[in-house]
Amino acid sequence: MSISIFALIIGAIFVNNVVLSQFLGICPFLGVSKDVKSSLGMGGAVLFVMILATLVTWLINHYVLDPFNLNYLQTIAYILVIAGLVQMVEIILKKIAPALYQTLGVFLPLITTNCAVLGVAILVVQKNMNLFQSMIYAASIAVGFTLALVIFAGIREQMELTGVPKGMKGVPIALVTAGILAMAFMGFGGLVPLP
């Protein structure tokens, strides 16, 4: 892959944002974005799990699935690995850092069903990235996810203070806002060449 690291980072965060451009991770995007503090917690948990999951799935793909010609098991293997990693992280945090577990404990089960984590694991293989590029890409995607989540949460907090029409309160205005935010991120298109 001949793309620069800078282009990879900017492209993953802004141009090809996982939520607003690829539409992965919509459930936590809509569900956890009611306040900025929860959004930051979810973003931190996604960052940690996404990097760890990408590392493990990249290693599994290159040292188990590819050599034994088992690529057809990729999706099921990745799902099992991600679910196992999230459970393992939850158990370890509960034992070692109870305070951190209390902070992130709510978000960890949500990450198991976050398709953005699975999507990134599959994308790094499809784009034929090496391990270093995969880790940079996973971290950048997680930062882009967090950025979109925090911006959306800030807008939703502000909308609580305004007079939204009764028929638009809740999910309808959230979907309209998400659409407008996605269009705003389209303005970054062409900033860097995509991989």
Worksheet item: For the Cα atoms of the chain, what angle does the longest principal axis make with the long axis of helix 115-126, in degrees from 0 to 90, nearest 10?
Response: 40
Item to complete: Rounded to the nearest 10 degrees, what's the angle between the helix 74-96 long axis and the longest principal axis of the chain, both from Cα atoms, 0 to 90?
Response: 70
Discussion item. Set the bar at 31 Å for Cα to Cα. Now go through K37/K169; K94/K127; K127/K169; K34/K95 and name every pair that lies beyond it.
Written reply: K94/K127; K127/K169
Worksheet item: Leaving out ligands, DNA and RNA, what percent of the accessible area of segment 1-131 is carbon and sulfur, probe 1.4 Å?
Response: 72
Worksheet item: In nm², what is the average projected area of the convex hull enclosing the Cα atoms of segment 122-195?
Response: 6.3
Response to the item:
Heavy-atom accessible area per residue of segment 117-195, all protein chains kept, 1.4 Å probe, expressed in Å², is 51
Discussion item. Against the 2.2 N^0.38 Å scaling, with N counting residues, where does segment 15-119 land? I'd like the Cα-based Rg ratio to two decimal places.
Written reply: 1.14
Practice prompt. Using only Cα atoms, tell me the angle between helix 131-159 and the longest principal axis of the chain; keep it within 0 to 90° and round to the nearest 10.
Written response: 10
Discussion item. Of V171, I82, F6, which is farthest towards the positive pole of the chain's charge dipole, taken about the Cα centre with +1 and -1 on the beta-carbons of Lys, Arg and Asp, Glu respectively?
Written reply: V171
Practice prompt. Determine, for each peptide in 109-115, 170-176, 47-53, the mean count of other beta carbons within 10 angstrom over its residues, then list the peptides with the highest first.
Written response: 47-53, 109-115, 170-176
Practice prompt. For the chain, build the charge dipole from Cβ charges (+1 Lys, Arg; -1 Asp, Glu) around the Cα centre, then report which of L65, A142, M183 sits farthest towards its positive end.
Written response: M183
Worksheet item: How big is the charge dipole of the chain about its Cα centre, in debye rounded to the nearest 20, if each Lys and Arg gets +1 on its Cβ and each Asp and Glu gets -1 on its Cβ?
Response: 280
Worksheet item: What share of all Cα pairs of the chain, in percent, falls into each consecutive 10 Å distance bin?
Response: 9, 34, 33, 19, 5, 1
Worksheet item: Based on the Cα atoms of segment 44-89, what semi-axes does the equivalent ellipsoid have, where each is the square root of 5 times one gyration tensor eigenvalue, given in whole Å with the largest first?
Response: 21, 10, 7
Worksheet, complete the sentence: With DSSP loop assignment and no more than 16 other C-beta atoms within 10 Å, the trypsin sites (Lys or Arg not before Pro) in segment 102-188 are K127, K169
Item to complete: Please sort 34-40, 119-125, 87-93 by packing, taking for each peptide the average over its residues of neighbouring beta carbons within 10 angstrom, highest first.
Response: 119-125, 34-40, 87-93
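The values are calculated or read from the model by the stated rules, or taken from the named source; none is laboratory data. The structure presented is a predicted model; accordingly, all values stated were derived computationally and were not measured. Neighbour counts are summed over all protein chains in view; Cβ atoms, including those assigned to glycine, are modelled from backbone coordinates with ideal geometry. These accessible areas exclude ligands, DNA and RNA; they are computed on the full protein's heavy atoms, side chains included. Shrake-Rupley method; radii C 1.70, N 1.55, O 1.52, S 1.80 Å.
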